[in-house]
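A.B. asks: Before we start, here is the structure in question, set down as C-alpha cells.
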Amino acid sequence: QASMVRMSKGIQASTDVMKLMNKLTKVSEISQTMQELSKEMTKAGIMEEIMEDTMAMSDDEEMDDIAEAEVEKILFEVTKGQLGTDTAISTPLVQEEEIAGPAEVSSEEEEDDLQSRLAALRS
C-alpha cells in the first residue's frame, strides 16, 4: 500500500505541474503565432525560389562572359602573348571544312601542317 500512496502522490504532483503549465501557456496565442510563422515561411520560400530562378537566368550569361575572359587570359599567359589579340584567340584553330571534309590529307601532310603551326606558335 505504501507504493500505491507514493504513486498517487507522484501522479498528483504531475497533474499540478500540468495545470500550472496550462495556465502559463496560452494555447490559442501559440497556435495563432505558429500559423503566422508558417505563412511567413511559405512567403519566404516562394521569394527564395523566385530569386534563385532570376539569378540562375542572369548567371548563365554572366558566367559565359566571365569564363570566356578567363580562357582568353590563360591562353594569353600560356602562349606568352604570341596569339596576339582577342580576335586571334576567338578564331578556331581548325576550319569547319577540315572537320566536316573527308580524310583526304595524308598523314605526312597533316604532320607538316602541325609542325608549321607549332613553329608559328613558338616564333
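Every number in this text was worked out from the coordinates using simple rules, so none of it is lab data. Model, not experiment: these values are computed from the prediction. No Cβ is skipped: glycine too gets one built from the backbone with ideal geometry, and neighbour counts run over all protein chains shown.
A.B. asks: Over all directions, the average projected area of the alpha-carbon convex hull for the range 1-64 comes to how many nm²?
C.D. replies: Result: a mean projected hull area of 8.2 nm².
A.B. asks: Here is a follow-up. Given labels modelled 7 Å from the Cα in the Cβ direction, how far is it in nm from residue 48 to residue 34?
C.D. replies: 2.1 nm
A.B. asks: Run the reach check for residue 39 against lysines, Cα to Cα strictly under 18 Å, same-chain hits fewer than 8 apart removed. What comes back?
C.D. replies: Correct list for residue 39: empty, as no lysines qualify.
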